[in-house]
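Here the structure is laid out as structure tokens; the discussion comes afterwards.
The values are calculated or read from the model by the stated rules, or taken from the named source; none is laboratory data. Remember, it's a predicted structure, so these values are computed and weren't measured experimentally. Backbone-built Cβ (ideal geometry, glycine too); neighbour counts: all protein chains shown.
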Protein chains: 2
Amino acid sequence: MLDLYHAEPAANSLKVLLAIKEKGVPFTSHFVNLHEFQQHEPWFVKINPNGQVPALVHDGKVITESTVINEYLDEAFEGPLLRPVDPYGRARMRIWTKFVDEYFTPALSFIAWHHMIRNITDKLTPEELEAKIARIPLKEQQDKWRTSARQGYTREQLEEWGRQVRVSIQRMEKELAETPWLAGAAFSLADVSSFAITAGMPRVSPNLVNAKDTPHLMDWHGRMSARPGVQAALAMPNPVRETMEAGRSKMASILS
Amino acid sequence: MLDLYHAEPAANSLKVLLAIKEKGVPFTSHFVNLHEFQQHEPWFVKINPNGQVPALVHDGKVITESTVINEYLDEAFEGPLLRPVDPYGRARMRIWTKFVDEYFTPALSFIAWHHMIRNITDKLTPEELEAKIARIPLKEQQDKWRTSARQGYTREQLEEWGRQVRVSIQRMEKELAETPWLAGAAFSLADVSSFAITAGMPRVSPNLVNAKDTPHLMDWHGRMSARPGVQAALAMPNPVRETMEAGRSKMASILS
């Protein structure tokens, strides 16, 4: 019994969908609609007390945190290896997935959040929004929702996150100029983590990710996009695509 | 050939010293004095371009990030296992080490930084300090030094980090009420990560960590402190103890 609770194929949900499809493990998909705040509903908080997707339930055992879930999927199931066979290769992979989790994703996520959140919150009255926020288990997440929905972030903050995104892109380009995949000679979870947040960038931020400035990243993006597992993950149902696209076009400006 | 570049046995340097001593792997110790900004000197930036300790060099291969180094040490060398034998146990361990890295440590680190930094920076003229800061490879770290040395953090920020430290302590207590070690039945890198930042807390923050409020944490702390590997790590040379102690007593107030 393997149940995956996830949102649309983007960011951390895409990260796990990529791994599970690359691995070829059969699973039951449970779509959690973040635009309807379903991740904070009591039934889901029973599964993950932090009220966050993705979450994996395997034979009754709950595993959270997308990066941890991916290493678990690779270690617990048969199928193609998603980690290097040697300890040094695995260390390189983990340095990279950690960088994506602690630096690249937060920067990109705050920018995305800033531009997309009103598409969600503007549909609610202030009272409805506050009721949604009050139900969020983590205080940090409550603060993030309140700040974003009310005053938004400052230009200075957005520019600093933009700088961090550019640093991250440059680091990817530099790494991929030296080795075909981000943790060395073989495809690994380092590529999975990075693709989960850069999948849309050649289209959404062509000023930043393009054949002239980031040729190795573009080549890697092409090889990633051609993988059947990647295509299967990206083809997962996406009922919130329209709202996301509206946010993405606004977002492109800060990253140009 | 195994070379470890580390600071005094505290925080992330202690984390790796604990693992390497528990594992019983012989290594060459290189003390990097953070109070003299040695981690930003050109010879060290050649080893770790981010200018951060700890860093491990094994047969010429550099591994950074204390949490990644610890998994590497466990996978690459003989000796007692520092990770659970089953994938689910390892997932639990990684959820915990991730929590320590992304939540508990940053909160504690900002508070410690706020109270200790002036003990270092007050010895320098503004020009000397700016010269030290200009040499720091990461802009985020430059900003942290400038903010701390100049205006410090706000009461609101310090209180929020204090809250996060209390949440972390409560989470440890809750977990240790259910299982003897943080990732289950066996000692693991989850315990190593957590002890690296809580080793001094029963003494420095007795209002927060004590036999009445956190009995399971105190029991775990006693079992950890009795381990020969832990004692060997804590006994590593500490030429900056005096400066640290001066900061610790100031720090205790915010965590009471």
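When the residues of region A:176-205 are filtered to those that are more than 12 Å from A:R223 (Cα to Cα) and among the charged types (D, E, K, R), which remaining residue is modelled with the lowest pLDDT? Only one residue tops the list, namely A:R203.
Inspect region B:28-37 for any residue being more than 14 Å from chain A (Cβ to nearest Cβ) and free of Cβ contacts under 8 Å to residues at least 12 places away in the same chain and give the result as yes or no.
Here is the first cut: in region B:28-37, the residues more than 14 Å from chain A (Cβ to nearest Cβ) are B:28-37.
If we keep only those that are free of Cβ contacts under 8 Å to residues at least 12 places away in the same chain as well, we get B:36.
Yes, region B:28-37 contains a residue that is more than 14 Å from chain A (Cβ to nearest Cβ) and free of Cβ contacts under 8 Å to residues at least 12 places away in the same chain.
Do we have any residue at all in region A:84-93 that's closer than 30 Å to B:H58 by Cβ, among the basic types (K, R) and modelled with pLDDT of 95 or more? Spell out the reasoning first.
Looking only at region A:84-93, we keep the residues that are closer than 30 Å to B:H58 by Cβ, and these are A:84-93.
The next check asks that each one be among the basic types (K, R); those that pass are A:90, A:92.
Restricting the remaining residues to those that are modelled with pLDDT of 95 or more gives A:90, A:92.
Taking every residue of region A:84-93 in turn, at least one turns out to be closer than 30 Å to B:H58 by Cβ, among the basic types (K, R) and modelled with pLDDT of 95 or more.
Go through region A:125-162 and give me each residue that's β-branched (V, I, T) and under 25 Å from B:D143 (Cβ atoms). Result: A:T147, A:T154.
Just to be sure before I move on: is A:Y103 closer than 17 Å to A:S193 by Cβ and either in a helix (DSSP H, G or I) or within 11 Å of chain B (Cβ to nearest Cβ) (or both) in the structure I sent? Explain how you work it out, then say what you get.
On the way: closer than 17 Å to A:S193 by Cβ: yes; either in a helix (DSSP H, G or I) or within 11 Å of chain B (Cβ to nearest Cβ) (or both): yes.
For A:Y103, the condition - closer than 17 Å to A:S193 by Cβ and either in a helix (DSSP H, G or I) or within 11 Å of chain B (Cβ to nearest Cβ) (or both) - is met.
Criterion applied to B:V230, B:V165 was being β-branched (V, I, T), more than 28 Å from A:D143 (Cα to Cα), at pLDDT 95 or above and in a helix (DSSP H, G or I), and the one residue passing it is B:V230. Taking region A:1-81 as the region of interest, the helices (runs of 4 or more DSSP H) fully inside it that hold 3 or more residues being more than 15 Å from A:V230 (Cα to Cα) are A:42-47, A:66-76.
The residue that is farthest from A:A183 (Cα to Cα), counting only those in region A:82-92 that are out of contact with any Pro (no Cβ under 6 Å at 6 or more places or on another chain) and assigned to a helix (DSSP H, G or I), is A:P87. Condition check: more than 22 Å from A:A10 (Cβ to Cβ), more than 14 Å from chain B (Cβ to nearest Cβ) and assigned to a helix (DSSP H, G or I). Does A:E127 satisfy that? Yes; evaluated as a whole, the condition is true for this residue. Residues in region A:78-91 that are surrounded by fewer than 21 Cβ atoms within 10 Å (Cβ to Cβ) and within 9 Å of another protein chain (Cβ to nearest Cβ): A:D86, A:P87, A:Y88. Select from region B:1-60 the residues that are surrounded by 15 or more Cβ atoms within 10 Å (Cβ to Cβ) and of a type in the set (D, E) and list them in ascending order. Passing the criteria: B:D3, B:E8, B:E22. Checked against (1) part of a loop (DSSP other than H, G, I, E, B); (2) surrounded by 20 or more Cβ atoms within 10 Å (Cβ to Cβ); (3) not polar (S, T, N, Q), A:F195 passes all but a single condition, namely (1). Kindly evaluate A:A190 against the criterion of being within 14 Å of chain B (Cβ to nearest Cβ), touching a strand residue (DSSP E or B) at 6+ places or on another chain (Cβ under 6 Å) and of a type in the set (A, V, I, L, M). No, not satisfied.
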